[in-house]
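In what follows, a single structure is set out as structure tokens and then discussed.
Just so you know, all these numbers are worked out from the coordinates, no wet-lab data involved. The shown structure was predicted, so the numbers you read here are calculated from the model rather than taken from an experiment. Because the Cβ atoms are built from the backbone with ideal geometry, glycine has one as well, and the counts that use them run over all protein chains shown.
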Amino acid sequence: MIRSDRSRDEACADGGAAAAGAASAGSCPAWACVADDGAQSPQWDRRSLLRAAALATAAAAASHWSAARAQQPGADRALPAVGTPLALTEVPLLDGSRFLPASADGRVLVLYWWASWCPFCAEMSPLIDALWRAQSARGLMVLGLSIDKSPADALGYLRRKGLGFPSGFVTPEVARSLPKPRGLPVTVVRGRDGRVRMAEAGQLFPEDVQDIARFL
């Protein structure tokens, strides 16, 4: 089950846009205003700082998302239907190697679109990494597909977080052959027969990620 009814990246983008608008409106919300005598309690001051930080984070995520959408051909593509064939393409990996479509023949492949600036990916990427480590010996493959601004941003994030699942960078060429469906993160499972077995947009619960092993 997905954590929410609509794609989490749409909610993130909408929230970031609203936050950016609120920040530029110049109004004085209740959490930021001081009392008539100019005094402001430490509690409310801390809340103001936290609220301001949250607004800044949401606005930054919305900015990243807008830029990423502009660089991704087919960014509004719908999720592939379960049961349909899913063609693959060569993908440059962040470690300098390349993913070759033939390597996935007869194996279960998890395609995982993500970005270092996506707060929902930050929660889900460790789950994908744990799935890959636990099930790779049984034939499970993971191909991360970063939509970061640069490969360096994506690689630096994976190293800082200690994540080892194979991940590539979505170049314009990759995006044309393997367009990202609407949403972020996006998880698509390709079965041993080359057909889609699962396609979900948005953050998944830990048990949903673990349950991907049922396709092995």
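Contact order for the range 103-216, expressed relative to its length and based on alpha carbon pairs under 8 Å spaced 6+ residues apart, stands at 38 percent. At 0.890 mPa s and 25 °C, plugging the Kirkwood radius over alpha-carbon pairs of the range 166-216 into Stokes-Einstein gives what diffusion coefficient in µm²/s? Translational D for this selection: 197 µm²/s. Qualifying trypsin sites (Lys or Arg not before Pro) in the range 157-216, where qualification requires a DSSP coil assignment and no more than 13 other C-beta atoms within 10 Å, are lacking entirely.
With a Förster radius of 35 Å applied to the beta-carbon distance between ASP193 and THR171, the computed FRET efficiency rounds to 0.80. Computing Rg and the Kirkwood Rh from the Cα coordinates of the range 75-183 gives a ratio, Rg/Rh, of 0.93.
Backbone N atoms of the range 127-160 closer than 20 Å to the 7 Å Cα→Cβ label point of LEU216 belong to residues 127-144. Computed over the range 124-216, the convex hull of the alpha-carbon atoms projects to a mean area of 6.1 nm².
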